[in-house]
1. Which one of 122, 106 is assigned by TED's automatic domain parsing to the domain that holds residue 663, buried (at least 19 other Cβ atoms within 10 Å of the Cβ), in contact (Cβ under 8 Å) with a residue 40 or more places away in the chain and basic (Lys, Arg)?
2. When residues of the stretch 371-396 are filtered for being surrounded by fewer than 21 Cβ atoms within 10 Å (Cβ to Cβ) and in a strand (DSSP E or B), how many remain?
3. Helices (runs of 4 or more DSSP H) wholly in the stretch 47-152 with at least 2 residues that are within 30 Å of residue 531 (Cβ to Cβ) - which ones?
4. Among (1) touching a helix residue (DSSP H, G or I) at 6+ places or on another chain (Cβ under 9 Å); (2) within 23 Å of residue 578 (Cβ to Cβ), where does residue 400 come up short?
5. When the stretch 125-171 is examined, which residues are found to be touching a Leu at 6+ places or on another chain (Cβ under 8 Å), of a type in the set (Gly, Ala, Ser) and surrounded by fewer than 21 Cβ atoms within 10 Å (Cβ to Cβ)?
6. Against the condition on the phi < 0 side of the Ramachandran plot, surrounded by 20 or more Cβ atoms within 10 Å (Cβ to Cβ) and not hydrophobic (A, V, I, L, M, F, W, C), how does residue 42 come out, does it pass?
7. Condition (residue is modelled with pLDDT of 95 or more, surrounded by fewer than 19 Cβ atoms within 10 Å (Cβ to Cβ) and farther than 24 Å from residue 618 by Cα) applied to the stretch 56-70: is it met by at least one residue?
8. Which condition does residue 562 not pass, out of (1) closer than 18 Å to residue 120 by Cβ; (2) surrounded by fewer than 18 Cβ atoms within 10 Å (Cβ to Cβ); (3) modelled with pLDDT of 95 or more; (4) charged (D, E, K, R), if it passes all the others?
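The values are calculated or read from the model by the stated rules, or taken from the named source; none is laboratory data. Because the structure is predicted, anything quoted here is derived from the model rather than measured. Note that each Cβ is placed from the backbone with ideal geometry, even for glycine, and that neighbours are counted across all protein chains shown.
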Amino acid sequence: MSLALIYPPTCDPTAPYLAVPMLTGFLRAHGVDVLPVDANVEAWDALLTARAMKRVLQRLEGRLTALDGRSSLGHAEQLEYAALWGARGDAHAAPDAVEEAKRVMRDPELFFDARAYDEAVRAIEGAQRAISAAYHPLALDYTAYRTPFGLTTPEEIAQGSLEAAFPFHDWVVSTLAPRLRKAGVSTVGISVCFPGQLQPAYAFAHVLRRVMPGVHLTCGGPGMTQMLIRLSGKRLARALGPFDTAVVYEGEEPLLGLVRALEQKTPLREIPNVVHRDALHGARFTPGHGMMDLRGLPAPDFEGLPLDRYFSPELMLPYDPTRGCYWGKCTFCHYGLAEVGTAKYRERDLASMVSHLRALSGKHRTKRFYFSQDSVAPKTLLKLSHALIEAELDLRWATDLKPEKYLTAARAKVLRDAGAVACALGVESADPRVLGLIDKGAPIEAVSDVITHLADAGVAAEAMCFTDFPTETAREARRTLSFLEEHEERLGVFIVGEFGLTHGALVAQSPEKFGIDDVWQLEGDELGLSLFYVERKPSKTERQRRTVEESLSRVSSGWLLRPYPWAGAVSTTHTILYYDRFGPGVFRALARAGQEPGPRTRPREGEARFDVAAAMKAQERDRSIWSQLVYERRRVSRGLYEELSARAAPLHPKRTRVRYAEGACVTLVPARRRNTRPNALG
């Protein structure tokens, strides 16, 4: 039996992710023929071409023409009209820009040219905006892929896989499916690690089901596990959708068991942690332990992946010296393959770590690694550093760390001597009360010391923070921002996200302990992916929230910060390469250079049949509709949304001259009619 393991869009295209290589290494060690496919980088590489972007432009212009042919625009059409005009400049620029942008990303010199790199980033982001608009109401980038109802029901999921709705459809049909047929693949596994991969994973499966009806489709990974383990019976069966089976928790042994059972045609119910359809119950799985012993696992196997196609001038490989989190108490966290919190902490033995890294470095001719795990114990990282030094392995690496007082100045220097380039630190908050609620386990003074020790040793210290933990006040949020500002000269980059409640977090298990009055899922959200809550007493007014946002913008101006996965984001390949070339202070230096990029392309002008500025006001109305659905009705469905949106006044024709450019759309003045004769636009 030949098995294909597919890593779907949409996520970081700058380096391989660990999931498929880990499964590949384990299965190949047990004699399974594996075809690994990084569909994320391959499908993006195919979509970001001049030819494909010309089709996107044609599609966008065609949708604009169709809307201009209407006698009026309702709420949904106004949203579409605004989106199309808003991205029209991007769509016109993309065909001439994306090929060069990818070349810059892969060029060992141009990549480090600040102006060339910035233009490449903007070109790719502009192409993504154009794709999103052309497939409206889709919104996609390298962290997200979402449509308003895309994951609410199996029927909505299936609609999202149709050619008219799915921008990767052509790649699946014309590239992926023929490759699977040629390889004689009989089983396809799709690995879903991040939320942004869920919709594409389902769409991939639906398309493959249509064009390869005999293949067995399975799925797994944290994104699927965290969803499926909360469902049972008929709801679980509906959630499987186009998949025949699913693997929950850690996948090595269950996936091997599934392959053997399919080969031998034995019952699937006997395999722990494999979700299968059941005539009586709908779908079910037999729970197993769900955790591998790392000491017996082989190294990740990257053979067969397109290692020359990643959007980066140098290859950086992920490696997992540990799994799980050694702390495992943070109340906000639900990460990885666990029902609640994080998985149990486990380590490889030191000899294996060094042996694996030496072999991978030699085979793939790279010295760059990201130690990818939930959270490695600082003591273990220090032992590994000593072992790398003793083995004389010339590596350059980065990792995530929980800041602990154990990491002294002397120990930080050992990390640097062993090749450490950057450490991303889970700071979360700088307020002692909030840290206590989070149960972070280290006072903010210890966090400050760790940042100082790393910076003094020449290791880039990155801070990962968030605001809006339940009951956090505006003053407490600003304390976190002040902490970042105070450490400006020591921090490489930082991120400040917003707290979001997830099912497996301890906050969701005991919300009353955290000042939360009510927690709910939306009726009609069959997969239950979204969780909402209200505080017992609102901790911030809207004005205070705006003040916090303004403070964040001011603090952020000290660095050149970009969204994931670009240089200037936390824990990315590009950021680490910039540190290694220019030093940990590179993004502060780039910010101080103060070079504001100008427009990449000259503005164009066109005539719109409807007032684009008026259409754009529908976006605020749409936020109000969703607020009603989420917080008042607590229900979601396409029918209910259409009922509320039907109350909006229609938009009638009003010819307008519009200036549009890459990343911008500016409405000018109403155009005068040149004659009174009717034309194609009415």
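1. 122
2. 1
3. The helices (runs of 4 or more DSSP H) meeting that bar are 75-86, 114-134.
4. Result: residue 400 fails condition (1) only.
5. 165
6. In short, yes.
7. Scanning the stretch 56-70 turns up at least one residue that is modelled with pLDDT of 95 or more, surrounded by fewer than 19 Cβ atoms within 10 Å (Cβ to Cβ) and farther than 24 Å from residue 618 by Cα.
8. Every listed condition holds for residue 562 apart from (2).
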